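Quick note: the coordinates plus some simple rules give every number you see, no bench work behind them. Predicted model only: the values in this text are computed from it and were never measured. Don't worry about glycine lacking a Cβ; one is built from the backbone with ideal geometry, like all the others, and counts go over all protein chains shown.
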Amino acid sequence: MKKKKVIVIGAGFSGISTATALANLGYEVQVLEKNAEPGGRARVFREGGFVFDMGPSWYWMPDIFEIYFSKFGKKPSDYYELKRLDPSYSVILSDSEVIDIPADMEGIKALFESYEEGASAQLDKFLKQAAYKYRVGIQDFVWRPSVKITEFLSLKLLVDAIRMDVFSSFYKHIRKFFKSETILKLMEFPILFLGAISQNTPAMYSLMNFAEITLGTWYPMGGMHQIVNGMVALAEEKQVKFTYNAEVKGFEIVNKHVRAVKTAKGLIEADMVVASADYHWVEQLLGDDFRNYSEEYWDKRVMAPSSLLFYLGISKRLPKLKHHNLFFDRDFSVHSHEIYTDPSWPSEPLFYASAPSVTDPSVAPEGCENLFLLIPIAPNLEDTEAHREKYFLQLMDRLEAYCGENIRDFIVYKRSYAHQDFMSDYHAFKGNAYGLANTLFQTAILKPSLKNKKLDNLYYTGQLTVPGPGVPPSLISGLVVANEVDKSLRK
Ligand SMILES: Cc1cc2nc3c(=O)[nH]c(=O)nc-3n(C[C@H](O)[C@H](O)[C@H](O)COP(=O)(O)OP(=O)(O)OC[C@H]3O[C@@H](n4cnc5c(N)ncnc54)[C@H](O)[C@@H]3O)c2cc1C
C-alpha cells in the first residue's frame, strides 16, 4: 500500500522531532526548510576557526533528551558527548561580587546558608515541592495536546493543578521561602527562560529551579548544534527527506483540505501538513478564510523577549570568564519594565555572556576565546545599526571593566544579530526570539492551538504552540503533534 505523505514545514527542533516520529510510524515524510541548513534558531556558523552556535547555549533537562532519543531506541550518547558544567554558571552582581553556582547540592546549600540563616533547609522544602511539579509537569501536563478543554476536566488534574500552584505567581511563591535579595535573584533567573517576569509566571514553573539545581547544566561537546546533527542523523536513518532552500510560500486548498504546499519550484502534494515555522507567518500564508486567529489576537499576545546578539572571535583567552556568565549588575526592574511594560531599547540592560571555548577547545582557534553576548530586548523595536553599535560599546565597557583587560582591540571577528535578522531568517513575528511568554493566560489550552480548526489536515508545532519555548519543549511539541497527526490519518 502506498505510504501516506506528510510535509513538515521547517527544520528546527520541533520540525525534526515531528518528522522523525512520523517516519518512525511508517509515513513518508519530507521536511521543507527555507534556510540552507537545519536547526532553525539553533543553527551554527563557522568563521576563521570559530564555531558559533547561533541560538541556544543552555542544555537543561537532560532527561527530556533521553526520552526523545529513547523513543527511537537511541541515547543522546549515540550522537554527542555531554559534559556537566561546574560551576553551572557565574552570576556577576557587581565587579566585586561574583557568585559561582556550584554543580553539587551541598555546595549550593552552603552558598544559600551564607546569604541567609536557615536557607539551606528552606531550599530542601522548596525543591521537594518543585520536584513534584517537575514530575507531574514533565510526565503529564506537557504531553497533553491541549486541543479540548475536556483533557483538563478531571478531579485528579484539578487537585494536581492546585498542588502544582498553577494559579499563584512565582514571585509570591518564592518569597514564602527566602528573604535574601541575592537568593531571590538567583532563584528568579531560571524563570527568565520562560519569557516573562516572575510576577506573571505561574508558580508551577518552580519546576525550572528543580531542573536547574537538581538535574544540572550540561554542554554537548562540539557545541549545541551537535544536538541538531544527532537529530538529523536519526531522522535520516528513519528515511526522512530534508529539502533545504525550499521556502513554503502558500497552500493549495480544496474543500477545506490542503492539497499541496507552494514552493518556488512548484506544488508539492501531501496528505498532511505540519507547520513548525513561526505560527503567525503560517497564518498569514493561509489568509483570512483559513487562519485560526486574527491579527488582533496576535497583537494581544505577550511575546517573550527578542534578543540583541553579538558573536565575537577574540584573539586571546579571557581567564575571568566562565562558560556561562550572567551580568546581573544593573537594576532588573528597570530592564524588565523596558521589555514588557514600556517596550523600548533598554537604558542599562542586564546581559549574558557565553564563552563555550572555556569548556570546548574545538569552538575557537588555539589561544582564542569564542564569545556570545545576549541582551534580552522587547520585540518589535526599531532595529538599526546605530542601536546595535551603541549597546556593543556599552557591553564592551562593562566586560572590560569586569575582566580587567582590553578586549575590543583583540576582536578578530564580529557579527551582530537582532529583530531584522530574526524576521528575515525565520519570519519571526515582531522579530521574536523565543516565541510566546509562558504567562498563566498563555498556558496549555490558552496557547495557539496545535490544530488548524478550519482545515482537516494542517497542524502546527514549535515554540508558539504547546508546551512552549525552549529546546526541550520544542522536542516534546514535535512528538505530541506527531501523535495527533497519526490519530487523524488513521481515522
Ligand atoms: C538567541 C536564543 C537563545 C536561546 N537559548 C536557549 C537555551 O539556552 N536553551 C533552550 O532550551 N532554548 C533556548 N532558546 C529557545 C530555542 O532555541 C527555541 O525555543 C527552539 O529552537 C525553537 O524551535 P522551533 O522548532 O519551534 O522553531 P525554529 O527553530 O524557529 O524552527 C522553525 C524553522 O522553520 C523555518 N521556516 C520558517 N518559515 C518557513 C517557510 N515559509 N518555509 C520553510 N521553512 C520555514 C525556519 O527557517 C526554521 O528553521 C533560544 C533561542 C534563541 C533565539
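Shape index of the chain: Rg/Rh, with Rg the Cα radius of gyration and Rh the Kirkwood radius from the inverse mean 1/r over Cα pairs, equals 0.95. Given the options Y115, Y460, Y205, identify the residue whose Cα lies farthest towards the positive end of the charge dipole of the chain (+1 on Cβ of Lys, Arg; -1 on Cβ of Asp, Glu). Going by the charge dipole, the pick is Y460. Among M423, M221, sorting on how many other beta-carbon atoms sit within 10 Å of each Cβ, with the fewest leading, yields M221, M423.
For segment 3-96, the relative contact order works out to 19 percent when only alpha carbon pairs closer than 8 Å and six or more residues apart are counted. Applying the criteria of a DSSP loop state and at most 15 other Cβ atoms within 10 Å to the trypsin sites (Lys or Arg not before Pro) of segment 1-46 yields K2, K3.
The residues S96, S90, when put in order of fewest to most other Cβ atoms within 10 Å, stand as S96, S90. DSSP bridge analysis restricted to the chain gives an antiparallel fraction near 70%, rounded to the nearest 5. Relative contact order of segment 209-345, taken over Cα pairs closer than 8 Å and 6 or more residues apart, is 9 percent.
What is the sum of charges around K453, taking Lys and Arg as +1, Asp and Glu as -1, for the other residues whose C-beta is under 11 Å from the C-beta of K453? Every neighbour counted, the sum reads +3.
The Cα atoms of segment 34-129 cover 54, 39, 23 Å along the three principal axes, with the biggest extent listed first.
For the chain, what is the calculated [θ] at 222 nm in deg cm²/dmol (nearest 500), taking -39500 (n - 2.57) for each run of four or more DSSP H residues and dividing by its residue count?
Values: 15 runs with 159 residues, N = 491.
After summing the helix terms and dividing by residue count, I get -9500 deg cm²/dmol.
Looking at segment 1-61, none of the chymotrypsin sites (Phe, Trp or Tyr not before Pro) sits in a DSSP loop with at most 12 other Cβ atoms within 10 Å of its own Cβ. Lysine pair count for segment 4-134 (Cα-Cα distance under 24 Å; residues 8 or more apart in sequence or on different chains): 13.
Inverting the pair-averaged 1/r between distinct Cα atoms of segment 285-348 gives 16.1 Å as its Kirkwood hydrodynamic radius.
Distance between the 7 Å Cα→Cβ label points at T359 and K185: 2.4 nm.
Between the alpha-carbon centres of segment 455-490 and segment 281-315 there is a gap of 18 Å. Evaluated at q = 0.18 Å⁻¹, the base-10 log of the normalised Debye intensity for segment 90-189, with identical point scatterers placed on the Cα atoms, takes the values -0.92.
In a shell of Cβ-Cβ distance under 11 Å around R317, excluding R317 itself, what net charge do Lys and Arg (+1) and Asp and Glu (-1) give?
-1
Across the chain, Cα pairs under 8 Å and at least six residues apart give a relative contact order of 24 percent.
By the beta-carbon count within 10 Å of each Cβ, the least crowded to most crowded order of K316, K322, fewest first, is K316, K322. Comparing segment 405-479 with the 2.2 N^0.38 Å rule of thumb, its C-alpha radius of gyration ratio is 1.53 (two decimals).
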